[in-house]
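The values are calculated or read from the model by the stated rules, or taken from the named source; none is laboratory data. Remember, predicted model here, so these are calculated numbers, not experimental data. Neighbour counts are summed over all protein chains in view; Cβ atoms, including those assigned to glycine, are modelled from backbone coordinates with ideal geometry. Keep in mind that these areas ignore ligands, DNA and RNA; they rest on the heavy atoms of the full protein, side chains included. Shrake-Rupley method; radii C 1.70, N 1.55, O 1.52, S 1.80 Å.
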Amino acid sequence: MDDIAANLRAVEDRIAAACRRADRDPAAVRLLPVSKTMSIEKITAAYDAGYRRFGENKVQEAYDKWGRLRELDGIEWAVIGHLQRNKARLVAEFASEFQALDSLRLAKELDKRLQGEGRRLDVLVQVNSSGEESKFGLPPEEVVGFARELAAFDALRVRGLMTLAVFSSDEDKVAACFHRMVALQKQLRQADAVSVGEGWHELSMGMSGDYELAIEHGATCVRVGQAIFGARLDPNAYWPGVGGGN
Ligand SMILES: *Cc1c(COP(=O)(O)O)cnc(C)c1O
């Protein structure tokens, strides 16, 4: 498992280099290791290398790993994939962060379940920045209206936005998705009904293939799986929107 620690250091180095290119403070970019489909041993190796919060796109898998790794002091889970309302109860029970909020009905259900648990949850609103049919998330033009409604849910701590950019070797097309997110964040901060300051701080964008570009465009959280843990056997089987998600 030495390679996992080494991979983490390599990704950290590339994050630092991307920050230097963009004249940004590396402390303003958080690396979220995405451990979906990965073994308990691999997650433990990343934990031993200093990481505490892990991203999973399927809630049942995340819940099972949470149960099995509870002894690891301070370990936390971020659910980053589409969530069905009937699984909101699970997320309310164990997750520290949910990055794929995309409907009011889900917000309402999560809020209710969190109130029941006496917990609060950091949430990011997922945006479909590429306009692809296969992608989850709100269309950008609906986000400001959605944001206003979210103020009603006390148990949801709204932190910002999340997206998956278009999967393309054309860097301009990928960058256009990131640009759209930055513009949207600006719009949210200007919309009077939405609290400013810390609100909407997070821009979660960038994965193994595009995290450096995402950082150059302002990402505050990059979600990196395969560059840390190695290739997944069948990436498509776990691709949100293609493999079914939650
Ligand atoms: C799987 C996944 C990632 C990480 O993808 P990698 O290619 O393994 O870096 C990031 N975000 C979401 C929502 C994912 O489902």
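Points to keep in mind about this one:
- Annotation note: of Leu124, Leu164, Leu184, the sole residue that is crowded, with 20+ Cβ neighbours inside 10 Å, within 21 Å of His82 (Cβ to Cβ) and touching a helix residue (DSSP H, G or I) at 6+ places or on another chain (Cβ under 6 Å) is Leu184.
- When each of Arg52, Arg30, Arg21, Arg14 is tested for being modelled with pLDDT of 95 or more, open to solvent by 40 Å² or more (accessible area, probe 1.4 Å) and touching a Ser or Thr at 6+ places or on another chain (Cβ under 8 Å), the lone residue that passes is Arg30.
- Members of region 79-94 found to be part of a loop (DSSP other than H, G, I, E, B) and touching an Asp or Glu at 6+ places or on another chain (Cβ under 8 Å), listed by number: Ile80, Gly81, His82
- Some residue of region 105-121 being out of contact with any His (no Cβ under 9 Å at 6 or more places or on another chain), among the polar types (S, T, N, Q) and not in a helix (DSSP H, G or I): no
- Among residues of region 129-153 that are touching a residue at least 60 places away in the same chain (Cβ under 8 Å) and small (Gly, Ala, Ser), those with a beta-carbon under 6 Å from a residue that is in a loop (DSSP other than H, G, I, E, B) and surrounded by 16 or more Cβ atoms within 10 Å (Cβ to Cβ) at least six positions away or on a different chain give the pairs Ser134/Gly241.
- Of all residues making up region 204-243, the number that are at pLDDT below 95, under 19 Å from Ser134 (Cα atoms) and touching a Phe, Trp or Tyr at 6+ places or on another chain (Cβ under 9 Å): 3
- Criterion (of a type outside the set (Asp, Glu) and under 19 Å from the mean Cα position of the chain (by Cα)) met by exactly one of Arg113, Arg70, Arg85: Arg85
- Listed by first and then second residue, the pairs with beta-carbon distance under 9 Å, at least 6 apart or on different chains, first residue in region 217-246 and among the basic types (Lys, Arg), second modelled with pLDDT under 95, are Arg232/Tyr238.
- Of the candidates Ala88, Ala92, Ala107, the single residue that is in contact with a Phe, Trp or Tyr (Cβ under 6 Å, 6 or more places away or on another chain), modelled with pLDDT of 95 or more and farther than 26 Å from Ala227 by Cα is Ala107.
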